[in-house]
Amino acid sequence: MADSHESNTGGQPEIASAALFGLCPKCGARTLFAGLASFAPRCRACGLDYAQFNVGDGPAAFLTLIVGAVIAILAIWVQLSFEPPFWVHALLWIPLSTALVIGGLRIAKAWLLGAEYRRRAGEGRLKED
Ligand SMILES: [Zn+2]
């Protein structure tokens, strides 16, 4: 009962690892991303059309808010603890926030696409159209 989720997904990757590594939700090949945070048009291994999943940039705004809050807290902490010159802040937070937004966006978009893929796969068994 506890491990049934593993067997009923067939060759599909776990949604968490698919999101982390940019795997195709259908076949598990590492084909989801063409750029840093942009999807490939389709899976090069199984031909799954990624363009049909309109994930969009909805997660981007949400993610930027979270990253902004995390960076602000870290920046205040560093300022109070070490009182560094201003350029240290620029050197630290600009690359870090860029990396966090791009990395987070990849994971969030891959996660949404994987969830959407599974939802449709589930619906397809119930709906006629
Ligand atoms: Zn595939």
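None of the figures in this text is laboratory data; all of them are computed from the coordinates on show. Keep in mind the model is a prediction, meaning the values are calculated, not measured.
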Select from S38, S81, S97 the residue whose mean-square fluctuation is largest in a Gaussian network model of the chain (Cα-Cα springs shorter than 10 Å). S81
With N set to the residue count of the range 56-129, report its C-alpha Rg divided by 2.2 N^0.38 Å to two decimal places. 1.66
Between the range 78-109 and the range 20-44, the alpha-carbon center distance in angstrom: 27 Å
Run lengths n ≥ 4 of DSSP H only: what is the helix-derived mean residue ellipticity at 222 nm for the chain, with -39500 (n - 2.57) per run over all residues, to the nearest 500? -20000 deg cm²/dmol
Convex hull around the C-alpha positions of the range 36-86: the volume in Å³ per residue is 116 Å³
Could you tell me what a quarter of the Cα convex hull surface of the chain works out to, in nm² with one decimal place? 10.8 nm²
